[in-house]
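The values are calculated or read from the model by the stated rules, or taken from the named source; none is laboratory data. Bear in mind that the values here come from a model prediction, so they are computed numbers and not experimental data. Positions of Cβ are backbone-derived with ideal geometry, glycine not excepted, and every protein chain shown enters the neighbour counts. These accessible areas exclude ligands, DNA and RNA; they are computed on the full protein's heavy atoms, side chains included. Shrake-Rupley method; radii C 1.70, N 1.55, O 1.52, S 1.80 Å.
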Amino acid sequence: MQLSDEVTIPVSRQKVWQALNDPEVLRQCIPGCEDITKLSDTEMEATVTVKMGPVKASFKGAVRLSDIDPPNGYRISGEGKSMMGGAAGGADVHLIDVPEGTKLIYHVNAHVTGKIASLAQRFIEPTARQLSAQFFETFAELAAGEPG
């Protein structure tokens with residue numbers, strides 16, 4: 001499954017870039033994120049609980065940053081496992097200067113496996129769209145310094 005969108009944030013590209021690399025900002029933006037720990041400049045561990053229709057699962061896994069091109073963008077990817085199955089995905093994030101501030105363009109891909117994939121199949125895409133929109137809406141607010 002793939003999703004794409006963009007959001008304009010009324011601050012400099014450098015400020016958006018710093019927020020994209022702040023684990024605490026990421027923790028606040030990832031819906032259902034209970035914990036995120038920075039292991040290195042490019043690796044983190046996270047625990048996230050997600051509800052897809054009637055199925056709720058807690059995933060523990062790794063988050064990695066790659067294709068890093070400061071302050072223009074990167075790829076953020078992650079994979080996690082739960083008792084209900086697994087989830088993997090990522091987002092290519094690109095930053096462009098615009099008169100209003102910074103345009104953040106993202107392309108997300110996600111894949112769910114195991115029991116959660118079979119039990120919540122019809123909820124996966126709508127949930128992924130909702131979680132993606134929540135992440136980037138919250139991120140835009142935090143990067144702009146607005147209350148979340």
Restricting attention to the range 131-148, and to residues there that are open to solvent by 70 Å² or more (accessible area, probe 1.4 Å) and free of Cβ contacts under 8 Å to residues at least 12 places away in the same chain, which single residue is farthest from residue 16 (Cα to Cα)?
147
When residues of the range 98-129 are filtered for being under 24 Å from residue 52 (Cα atoms) and free of Cβ contacts under 8 Å to residues at least 24 places away in the same chain, how many remain?
3
Only one of these is out of contact with any strand residue (DSSP E or B) (no Cβ under 9 Å at 6 or more places or on another chain) and either of a type in the set (Ser, Thr, Tyr) or in contact (Cβ under 8 Å) with a residue 40 or more places away in the chain (or both): 40, 4, 82. Name it.
40
With the requirement that a residue be more than 22 Å from residue 57 (Cβ to Cβ) and over 14 Å from the mean Cα position of the chain (by Cα), what does the range 22-42 give you?
38, 39, 40, 41, 42
Looking only at the range 12-21, decide whether some residue is under 15 Å from the mean Cα position of the chain (by Cα), among the basic types (Lys, Arg) and under 20 Å from residue 138 (Cβ atoms).
no
Given (1) within 17 Å of residue 12 (Cβ to Cβ); (2) without any contact (Cβ under 8 Å) to a residue 60 or more places away in the chain, index of the condition residue 95 fails:
(2)
